Amino acid sequence: MSLQLYDTLSRQIKPLHPEDGRIFRFYCCGPTVYGPAHIGNFRTFINQDILRRTLEVAGLNTRHVRNLTDVDDKTIAAANREGCSLREITDRWTDRFHEDSEKLGLLPPHEEPRATDHIQAQIDMIVRLVEIGHAYATDEGSVYFRVSSYDDYGKLSRLKEREITHDHAPAGSDRMDADEYERDSVCDFALWKSHKPTDGSVSWDSPWGPGHPGWHIECSAMSRIYLGDTFDLHAGGVDLLFPHHENEIAQSEASNGKPFARHWFHNTHLMVEGQKMSKSLGNLFTVADAIERGYGPRALRYVLMSGHYRQQLNFTWASMNAATSAIKRIDKAAAHLAEASGRSIDQINSEIGHSPANGSEWNGLQKAWQALCDDLNVPAALGGFFKAIPELESKKNRDEAILAQDRMHRFLYALGLLPETMQSVTAPEEIIALANERWAAKESKDYATADRLRAKLTETGWKVLDRKDGFDLEPL
Ligand SMILES: [Zn+2]
């Protein structure tokens with residue numbers, strides 16, 4: 001079954017395939033590195049990661065480019081605030097972003113270009129846009145994109161279907177200096193910003209004098225360098241749809257007359273405990289916040305992928321507990337299969353990375369895989385997976401267990417949830433004695449005593465899991 005995904009530009013679910021027949025090439029707008037990325041940012045990056053993994057498990061090669069925005073209004077303001085250089089600030093937060101990404105199991109992109117390493121390419125693109133009349137310089141040495149010169153402006157966010165005003169542009173002007181602005185303000189946007197005293201030492205020479213590029217031009221310039229004029233898919237959070245992605249399309253397509261991205265993949269917002277995420281509410285939680293509260297990063301990844309990417313997801317700390325149990329269940333199933341197959345979890349994990357599947361091989365996991373291929377329906381895929389676990393675990397014959405183990409690990413690789421070997425925790429002697437007493441009561445059908453002892457074990461922080469021939473103890 002081929003993978004299909006909703007495309008924001010055509011408003012249709014469309015099959016994904018590499019235009020060149022070889023490599024699926026896609027661009028993701030990356031983080032602005034001036035502070036820690038929050039879990040809302042990571043929800044988007046995790047869904048992009050699942051898309052890439054699913055394409056790879058389906059047998060396609062990918063080329064994944066994700067930029068680092070290391071110069072814009074926010075990074076410059078942060079450097080000023082902290083009294084250090086732009087590079088110091090952006091290096092610090094780039095390192096932190098990489099650490100968090102690794103914890104969450106995100107595959108590193110094949111290319112991760114920094115905006116400040118590609119200033120000349122951005123200048124070249126602006127020069128071209130000025131030459132052909134799509135942009136103009138001002139007396140102060142800034143350059144703006146002339147929105148009225150580009151007929152297709154607004155095709156991604158469907159601007160023509162909405163009431164458009166210029167209310168948000170500065171009084172008496174049709175121009176916008178800020179990198180981010182409101183949806184209903186369509187105005188000429190900055191490609192190059194002349195140097196201001198507040199920019200401090202952040203400055204590059206250009207044909208229009210010293211300054212720095214606007215935010216939007218970096219993605220147009222860098223995607224062209226690393227992926228070419230036209231590429232297979234462009235991804236980002238839905239908050240980037242306007243103006244950022246609209247402006248990227250305008251810059252790229254106006255500059256060379258060629259189509260830009262063939263498919264647009266947008267992720268919807270994350271809510272936290274029923275509220276919008278915001279600084280003022282103090283709910284911009286990070287990976288570190290989850291770890292501080294004692295949760296594993298795999299549980300965090302699980303929660304952030306548990307809603308469909310086109311629907312709002314409500315993050316709650318309670319959902320982290322359920323996710324922790326789900327992860328344990330996955331590890332336990334993997335442990336069963338490892339025992340039956342005689343092959344360790346780590347061994348299979350290291351072999352599984354890139355082994356293409358053909359549809360018929362999925363057996364009990366067919367439905368779960370289909371859900372993933374059908375507009376990346378991760379919640380349905382997880383549902384299908386957990387439903388299939390008992391059947392997977394029932395494989396006692398070694399050959400069958402080997403096949404089931406391969407399928408399960410390959411599927412979990414697509415989700416980025418590869419199992420880990422469970423840490424065995426030995427219960428203290430008095431707890432084991434209590435549990436033995438309970439087992440004996442249960443065997444002699446004295447259920448009242450068995451229940452009482454189970455409650456006592458729960459009180460002391462232990463959970464009893466009954467098997468046919470005995471029991472396991474797990475810390476709660
Ligand atoms: Zn971008």
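Out of G294, G214, report the one residue that is more than 16 Å from the ligand (Cβ to nearest atom) and either surrounded by 21 or more Cβ atoms within 10 Å (Cβ to Cβ) or more than 16 Å from N41 (Cα to Cα) (or both).
Values: G214 fails: more than 16 Å from the ligand (Cβ to nearest atom).
Testing whether each residue is more than 16 Å from the ligand (Cβ to nearest atom) and either surrounded by 21 or more Cβ atoms within 10 Å (Cβ to Cβ) or more than 16 Å from N41 (Cα to Cα) (or both) leaves just G294.
Going by the structure shown, is E246 within 14 Å of the ligand (Cβ to nearest atom) and either more than 25 Å from R310 (Cβ to Cβ) or surrounded by fewer than 21 Cβ atoms within 10 Å (Cβ to Cβ) (or both)?
Numbers: within 14 Å of the ligand (Cβ to nearest atom): yes; either more than 25 Å from R310 (Cβ to Cβ) or surrounded by fewer than 21 Cβ atoms within 10 Å (Cβ to Cβ) (or both): no.
Here the answer is no, as E246 does not meet what is asked.
Looking at V378, V464, V425 in this structure, which one is among the β-branched types (V, I, T) and within 30 Å of H17 (Cα to Cα)? It would help to see each step written out before you state the result.
Working: V464 fails: within 30 Å of H17 (Cα to Cα); V425 fails: within 30 Å of H17 (Cα to Cα).
One residue alone meets the criteria, V378.
Could you grab me the full set of residues in region 280-291 that are surrounded by fewer than 17 Cβ atoms within 10 Å (Cβ to Cβ) and part of a loop (DSSP other than H, G, I, E, B)? Walk me through it before giving the result.
Applying the first criterion (surrounded by fewer than 17 Cβ atoms within 10 Å (Cβ to Cβ)) to region 280-291 yields 280-282, 288-289, 291.
Selection gives S280, L281, G282.
State whether the residues of region 389-403 include one that is in a helix (DSSP H, G or I), surrounded by 16 or more Cβ atoms within 10 Å (Cβ to Cβ) and basic (K, R).
no
Tell me whether region 256-269 contains one or more residues that are among the basic types (K, R), part of a helix (DSSP H, G or I) and assigned by TED's automatic domain parsing to the domain that holds Q122.
Looking for residues that are among the basic types (K, R), part of a helix (DSSP H, G or I) and assigned by TED's automatic domain parsing to the domain that holds Q122, one finds none in region 256-269, hence no.
Can you name the residue in region 118-160 that is over 20 Å from S223 (Cα atoms), more than 30 Å from the chain's Cα centre (by Cα) and among the charged types (D, E, K, R) and is also modelled with the lowest pLDDT among such residues?
Filtering first and then ranking leaves K160.
When the residues of region 197-211 are filtered to those that are in contact (Cβ under 8 Å) with a residue 40 or more places away in the chain and in a helix (DSSP H, G or I), which remaining residue is farthest from the ligand (Cβ to nearest atom)?
Taking region 197-211 first, the residues in contact (Cβ under 8 Å) with a residue 40 or more places away in the chain are 198-202, 204, 206-211.
Now drop any that are not in a helix (DSSP H, G or I), which leaves 198-199.
Working: T198: 24, D199: 21 Å.
Once the filter is applied, the top-ranked residue is T198.
Going through region 354-383 one residue at a time, which ones are part of a loop (DSSP other than H, G, I, E, B) and either modelled with pLDDT of 90 or more or crowded, with 18+ Cβ neighbours inside 10 Å (or both)?
Taking region 354-383 first, the residues part of a loop (DSSP other than H, G, I, E, B) are 354-358, 375-377.
Once the filter is applied, which keeps residues that are part of a loop (DSSP other than H, G, I, E, B) and either modelled with pLDDT of 90 or more or crowded, with 18+ Cβ neighbours inside 10 Å (or both), region 354-383 yields D375, L376, N377.
Based on what the data block shows, is A221 within 13 Å of the ligand (Cβ to nearest atom) and within 21 Å of the chain's Cα centre (by Cα)? Before the answer, list the steps.
Numbers: within 13 Å of the ligand (Cβ to nearest atom): yes; within 21 Å of the chain's Cα centre (by Cα): no.
Spelling it out, it is not the case that A221 is within 13 Å of the ligand (Cβ to nearest atom) and within 21 Å of the chain's Cα centre (by Cα).
Pairs, please: C-beta under 6 Å, at least 6 apart or cross-chain, first residue outside the structural domain of Q312 (by TED's automatic domain parsing) and in region 236-247, second within 11 Å of the ligand (Cβ to nearest atom)?
Going by the 6 Å Cβ cut-off, the qualifying pairs are G236/C29; L240/C29; H244/H216; N247/H216.
Is there any pair linking a residue in region 66-85 that is exposed (fewer than 15 other Cβ atoms within 10 Å of the Cβ) to one that is part of a helix (DSSP H, G or I), with Cβ under 7 Å and at least six apart or on different chains, and which?
E82/I89; S85/A79
Checking the structure you have, find out if any residue of region 451-472 is within 30 Å of P108 (Cβ to Cβ), among the β-branched types (V, I, T), surrounded by 11 or more Cβ atoms within 10 Å (Cβ to Cβ) and modelled with pLDDT of 85 or more. Let's see the steps before the verdict.
We begin by selecting, within region 451-472, every residue within 30 Å of P108 (Cβ to Cβ); these are none.
No, there is no match, as no residue in region 451-472 is within 30 Å of P108 (Cβ to Cβ), among the β-branched types (V, I, T), surrounded by 11 or more Cβ atoms within 10 Å (Cβ to Cβ) and modelled with pLDDT of 85 or more.
Give A455, A448, A433, A441 a once-over and let me know the one that is touching a residue at least 12 places away in the same chain (Cβ under 8 Å) and outside any loop (DSSP other than H, G, I, E, B).
After applying the criteria, what remains is A441.
Which of the residues that make up region 107-122 are more than 13 Å from L68 (Cα to Cα) and crowded, with 22+ Cβ neighbours inside 10 Å?
Across region 107-122, the qualifying residue is only Q122.
The values are calculated or read from the model by the stated rules, or taken from the named source; none is laboratory data. Keep in mind that this is a model prediction, so the values were computed, not measured. Virtual Cβ from ideal backbone geometry, glycine too; neighbours counted across all protein chains shown.
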